[in-house]
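A.B. asks: First, the structure itself, so that you have it in front of you.
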Amino acid sequence: MDFLRPETLAEALEIKAERPDAVPIAGGTDVMVELNYDHRRPAALLDLTRIPELQQWEDGLRVGAGVPYVRIIDELGAQLPGLAMASRTVGSPQIRNRGTVGGNLGAASPAGDTHPVLLASDAVIEVASVRGTRMIPAAEFYLGVKRNALEPDELIVAVHLTPAKGPQQFSKVGTRNAMVIAVCSFAISLFPQENRVGAAVGSAAPTPRRAPEAEEFLASALDFKNPKPLLDSVKREFGELVSRAASPIDDVRGSAAYRKHALAVMARRTLGWAWQELLAKKNGSEERPCA
Amino acid sequence: MTLTPAELTSAVSGGIGTSPQRPDGNLKVRGEFAYASDLWHEDMIWGATLRSPHPYARITSVDITEALKVPGVYAVLTADDVPGRNLYGLEHKDQPVLAVDVVRYQGEPIALVGADHPETALRAMKKIVVTYEVLEPVVDMETAVDDTPLHPGGNLVRHVPIRRGSQDVTAEVVVTGRYEVGMQDQAFLGPESGLAVPASDGSVDLYIATQWLHVDRDQIAAALGLPQEQVRLTLSGVGGAFGGREDLSMQVHACLLALHTGKPVKMVYNREESFYGHVHRHPAVLYYEHGADHTGKLVYVRTRMYLDGGAYASSTPAVVANAATLGVGPYEVDNVTVDAYGVYTNNPPCGAMRGFGAVQAGFAYESQMDKLAEALGMSPVDVRVRNAMTEGSVMPTGQVVDSAAPVAQLLKLVQDKPLPAGTSSDIRELPGGVSNTTHGEGVVRRVGYAVGIKNICFSEGYDDYSTARVRVSMVNGSLSAAVHTAACEVGQGLVTIMQQIVRTELGIERVTVLPMDTTIGNGGSTSASRQTYVTGGAVKAACALVRDKLAGRTDIGDEVIDETTEWRHRATEAIDPVTGQGNAHVQYGFAAHRAVVDVDVDLGLVRVVALDCAQDVGKALNPQAVVGQIQGGSAQGLGLAVMEEIQTSGGKVRNPSFTDYLIPTVLDMPPMSIDVLELADPHAPYGIRGVGEPPTISSTPAIVAAIRAATGLALTRVPVRPEHLTGT
């Protein structure tokens, strides 16, 4: 197995064009497990850790694909609260030190923790090859179980996100209180200025996916200009629509019926917390619900 | 001058009753301790194991031709290459070293490859062609006995009946239940590993992580067709055991490859292979009927229990005997009917795991006691105290409990502990933890109690002993001691205990623990909570011999005092095969738990807020190690209560990884308040009572009782899953 270590992005793209079978590796928290278990034996590994621009984030926001979860939590928590919440649920501290959002996107596991947040907050994935750069909306990025929209010569370079314009929440069910793979997960982003809501489910369908009917329902049911306490009926209907957006399976981690049930509960609760934050802000309070 | 232990305890530090540092502690904390997976030898090659993908199949052919052609391959071995007896087992010799004609569980070893690199071995292994005629597996423990026979004698491994008192008595209040216990794994962190080094005379040295060097040696020698003295074992660094290393894994395989190739052979399982490479805790189905009078006094207990031994017997007979003889719990019951069955199926083989049969029964009888309390309108603690065993009580086997049995006291101790503060606002302390599933919504807090009983040491007439050697000589002008046994240190701290005993007995502060190996006699198994009791007893006895020769001297010049002795606990008896009567056990240990649990009743997620414990340990030789055992045993019980299960389907394991086999983290296991009682057992060295297993038994039912109280659900199966709590 060749271990290729480009110093620049241009060099990496050239290598990837010549050797599309080379598997990119950043933190290695997915790739190394596959190698150790002999589930995958690529002809070459393409080490991305030396490329400076992948390790940086810029205001705006453009987050390099190689920025580890721990930096998202520490440096971007205020601007990207939803992504930071999801990042906190990833593995152990050691995994969060190594693992990256770029890796999450590359693996494209339906259970990847950051996907619902990226979907709910309209992230755009910047991918590049020697042929040029493409900007792929998250909603078009996930094609199937562990399949994404990358061409064989392309690399994930960055994730583009707007700093949160309203409350964001992320919630995940697992049968352990830390270091657990998602049984199912849910993310919500409120865009009060645009009278809009983003909502997406994880680990509850062949791909992470948005819940468009739930988003539309909420956009019409909520009065962002003049927010009032939420009606239980709104929360319930929203939960039902989120649950309906999922098409989960029965597997070793949980039953399809439980996933549908849990998504509805998480949708109701996260909406409640997000709305509470909005109300608090309108009332001049700086207090935010803990998360 | 006569040196007495009392004087010496005060003369040197680090004796019994104190908590000196472990000799291996710093290395382990720094990550510098050499575990068996770190073994290395010049010129060594690597072994790999081809395993069956089917739970039950006839092998119609094995073709190793292409595997042998892979460059770097030294040997490919099958059952034909086993020179001795191709059957082994702890109690019944029923398990092949390498499969012949049939495979009876998924993961059963069929062939071995030795190659110059682990990758080469893996590549070659995949070129071995095995053809199978796949057969319908037997997977239901309740019907297995009447199903396709998997072994020549049929599928019943052992039936233990107990008949005590009246068999047809009736009672005013009757509660019945059917309970299930899922298959728990020991989940030790250091996977199976060993290094076999062949010698020029045809003998072999094996460096191995195990729980019992001598029984490994005897089984290896029989399989290799060698005299026992030509198989030498040395304990390597063991990363946890919990029963899972009592059976052989790759011991014979590595030696076979080493003797065949003339090269040192290393084998290391990865995490997935480890799940196939060792036995698990028996899953169980248990039917119970409890009858009581209106005051809550138990009139009778009747139970029928099934324990799934999987494809091979392992220690199933002893597990079944424990479940049966301890099957009513730490309670006085005059009329008892027990029928416990251990069976063969095509599920993964099951054997020893911390608690050993008492865990399965404990979940069921404690669930029944709660049910009885509810039927009587009594509190769970009151109904237990009403029936609590004491010293002098009679077991269902007729055995009189002849040392402390402070069951009521333990319950009252945990009941009287202060309750934790109200529900937290920190998500890490709420159900779901860092996953941010609740900020308090749906959370209901309730309390549950349980108490358990465990036999300590080996039972049913087994000649249970240990051998210890203590050597004293002058080093740099002062007395120095070395202690040598074959008793395995698996992480529990026996190395420290042995040093402490020598310090106390001889007044010598500097004590070296020699490597554990088979150049000395049997140390017995590191299981059944027995090593401090039995090997501790042997070290104490060897010290007494040394002390006589020392005769009070503090300078012995060039003399070396070197004494070896065997020590055994008092004998036990076989139980009657029809009535189950007999003095089966040496000693009984007791622990009680109070669990305080927050349940998110909407999501079915659980956070154990407090898991306080009281346990009698007779005498705490090392108080810190005692508390560590109670914490660890309680955590393992918590795992069984709410998350740990090897899930099988049609005999196949569905979750052989730590991604999907979950064990508790620090956010799942609360800090514990622990009361340690020291009610000396006059029959045991220093009065000690085995510590490691009792807390594993009561922890699980206490937690489930609290979840039941929070949800109002019956919850008759562990581990409790979110689906059970949400009806999905």
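The values are calculated or read from the model by the stated rules, or taken from the named source; none is laboratory data. Note that the structure is a prediction, hence the values are computed from the model and not measured. So basically every Cβ, Gly included, is an ideal-geometry build from the backbone, and we count neighbours across all protein chains shown.
A.B. asks: Test B:Gly582 against the stated conditions and say whether it is surrounded by fewer than 24 Cβ atoms within 10 Å (Cβ to Cβ), modelled with pLDDT of 95 or more, small (Gly, Ala, Ser) and in the same structural domain as B:Val691 (by TED's automatic domain parsing).
C.D. replies: In short, yes.
A.B. asks: On to the next question. B:Arg245: under 15 Å from the mean Cα position of the chain (by Cα), modelled with pLDDT of 95 or more and not in a helix (DSSP H, G or I), yes or no?
C.D. replies: yes
A.B. asks: Condition first: away from chain A (no Cβ under 13 Å) and more than 18 Å from the chain's Cα centre (by Cα). Now tell me which residues in segment B:629-651 satisfy that.
C.D. replies: Selection gives B:Gly650, B:Gly651.
A.B. asks: While we're looking at this one, here's another question. Pick from B:Arg302, B:Arg386, B:Arg354: which is charged (D, E, K, R) and touching a strand residue (DSSP E or B) at 6+ places or on another chain (Cβ under 7 Å)? Spell out the reasoning first.
C.D. replies: Values: B:Arg386 fails: touching a strand residue (DSSP E or B) at 6+ places or on another chain (Cβ under 7 Å); B:Arg354 fails: touching a strand residue (DSSP E or B) at 6+ places or on another chain (Cβ under 7 Å).
Step by step, each of B:Arg302, B:Arg386, B:Arg354 is checked, and only B:Arg302 is charged (D, E, K, R) and touching a strand residue (DSSP E or B) at 6+ places or on another chain (Cβ under 7 Å).
A.B. asks: Could you please find all residues in segment B:408-431 being outside any helix (DSSP H, G or I) and either at the interface with another protein chain (Cβ under 8 Å from one of its Cβ atoms) or in contact with a helix residue (DSSP H, G or I) (Cβ under 8 Å, 6 or more places away or on another chain) (or both)?
C.D. replies: B:Ser425, B:Asp426, B:Pro431
A.B. asks: Just to check your reading of the model, which residue among B:Ala592, B:Ala584, B:Ala614, B:Ala625 is more than 20 Å from the chain's Cα centre (by Cα), away from chain A (no Cβ under 14 Å) and touching a residue at least 40 places away in the same chain (Cβ under 8 Å)?
C.D. replies: On the way: B:Ala592 fails: more than 20 Å from the chain's Cα centre (by Cα); B:Ala584 fails: more than 20 Å from the chain's Cα centre (by Cα); B:Ala625 fails: more than 20 Å from the chain's Cα centre (by Cα).
Selected residue: B:Ala614, the only one of B:Ala592, B:Ala584, B:Ala614, B:Ala625 that is more than 20 Å from the chain's Cα centre (by Cα), away from chain A (no Cβ under 14 Å) and touching a residue at least 40 places away in the same chain (Cβ under 8 Å).
A.B. asks: Same structure again: Please find, within segment B:501-535, the residue that is farthest from B:Gly25 (Cα to Cα) out of those that are outside any loop (DSSP other than H, G, I, E, B), of a type in the set (D, E, K, R) and in contact with a Gly (Cβ under 9 Å, 6 or more places away or on another chain).
C.D. replies: B:Glu505
A.B. asks: Can you tell me how many residues within segment A:137-189 are of a type in the set (Lys, Arg), more than 8 Å from chain B (Cβ to nearest Cβ), more than 16 Å from A:Gly77 (Cα to Cα) and part of a loop (DSSP other than H, G, I, E, B)?
C.D. replies: Within segment A:137-189, residues that are of a type in the set (Lys, Arg), more than 8 Å from chain B (Cβ to nearest Cβ), more than 16 Å from A:Gly77 (Cα to Cα) and part of a loop (DSSP other than H, G, I, E, B) number 1.
A.B. asks: Further question: Go through segment B:289-318 and report how many residues are buried (at least 23 other Cβ atoms within 10 Å of the Cβ) and either without any contact (Cβ under 8 Å) to a residue 24 or more places away in the chain or assigned to a strand (DSSP E or B) (or both).
C.D. replies: Within segment B:289-318, residues that are buried (at least 23 other Cβ atoms within 10 Å of the Cβ) and either without any contact (Cβ under 8 Å) to a residue 24 or more places away in the chain or assigned to a strand (DSSP E or B) (or both) number 10.
A.B. asks: Give just the number: which of (1) within 14 Å of chain A (Cβ to nearest Cβ); (2) in contact with a helix residue (DSSP H, G or I) (Cβ under 8 Å, 6 or more places away or on another chain); (3) modelled with pLDDT of 95 or more; (4) crowded, with 19+ Cβ neighbours inside 10 Å does B:Val434 not satisfy?
C.D. replies: So B:Val434 meets the others, but not (3).
A.B. asks: Filter segment B:652-698 for residues that are closer than 22 Å to B:Phe356 by Cα, within 14 Å of another protein chain (Cβ to nearest Cβ), assigned to a loop (DSSP other than H, G, I, E, B) and among the β-branched types (Val, Ile, Thr) and give the result.
C.D. replies: Result: B:Ile663, single match.
A.B. asks: Say whether the condition of being part of a loop (DSSP other than H, G, I, E, B), out of contact with any Lys or Arg (no Cβ under 8 Å at 6 or more places or on another chain) and either within 30 Å of B:Thr316 (Cβ to Cβ) or outside the structural domain of B:Ile707 (by TED's automatic domain parsing) (or both) is met by at least one residue in segment B:463-480.
C.D. replies: Checked against the condition, which is being part of a loop (DSSP other than H, G, I, E, B), out of contact with any Lys or Arg (no Cβ under 8 Å at 6 or more places or on another chain) and either within 30 Å of B:Thr316 (Cβ to Cβ) or outside the structural domain of B:Ile707 (by TED's automatic domain parsing) (or both), segment B:463-480 yields at least one hit.
A.B. asks: For residues that are of a type in the set (Ser, Thr, Tyr) and away from chain A (no Cβ under 14 Å), scanning just segment B:80-139, find the one that is surrounded by the fewest Cβ atoms within 10 Å (Cβ to Cβ).
C.D. replies: B:Thr131
A.B. asks: Residues being facing chain B (nearest Cβ under 9 Å) and either at pLDDT below 95 or surrounded by fewer than 24 Cβ atoms within 10 Å (Cβ to Cβ) (or both): count how many of those fall in segment A:270-279. First the steps, then the outcome.
C.D. replies: Of the residues in segment A:270-279, the ones facing chain B (nearest Cβ under 9 Å) are A:270, A:272-273.
Among the residues that remain, those that are also either at pLDDT below 95 or surrounded by fewer than 24 Cβ atoms within 10 Å (Cβ to Cβ) (or both) are: A:272-273.
Total satisfying the criteria: 2.
A.B. asks: Give the residues of segment A:245-287 that are free of Cβ contacts under 8 Å to residues at least 60 places away in the same chain and not in a helix (DSSP H, G or I), sorted by residue number.
C.D. replies: Correct list: A:Ser247, A:Ile249, A:Asp250, A:Asp251, A:Val252, A:Ser255, A:Asn283, A:Gly284, A:Ser285, A:Glu286, A:Glu287.
A.B. asks: A:Leu230 fails exactly one of the following numbered conditions: (1) in contact with a helix residue (DSSP H, G or I) (Cβ under 8 Å, 6 or more places away or on another chain); (2) under 26 Å from A:Ile181 (Cβ atoms). What is the number of that condition?
C.D. replies: Here A:Leu230 meets the rest and fails (2).
A.B. asks: Can you go through A:Gly102, A:Gly112 and tell me which one is at pLDDT 95 or above, assigned to a loop (DSSP other than H, G, I, E, B) and crowded, with 23+ Cβ neighbours inside 10 Å?
C.D. replies: Selected residue: A:Gly112, the only one of A:Gly102, A:Gly112 that is at pLDDT 95 or above, assigned to a loop (DSSP other than H, G, I, E, B) and crowded, with 23+ Cβ neighbours inside 10 Å.
One line per residue, one yes/no per condition, for (1) under 18 Å from the mean Cα position of the chain (by Cα); (2) not in a loop (DSSP other than H, G, I, E, B):
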position	(1), (2)
B:Ile162	no, yes
B:Gln167	no, no
B:Val175	no, yes
B:Arg178	no, yes
B:Pro191	yes, no
B:Thr210	yes, no
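A.B. asks: Would you point out the residue of segment A:223-244, among those that are outside any helix (DSSP H, G or I) and either of a type in the set (A, V, I, L, M, F, W, C) or within 14 Å of chain B (Cβ to nearest Cβ) (or both), that is farthest from A:Lys282 (Cα to Cα)?
C.D. replies: Applying the filter and picking the extreme gives A:Leu231.
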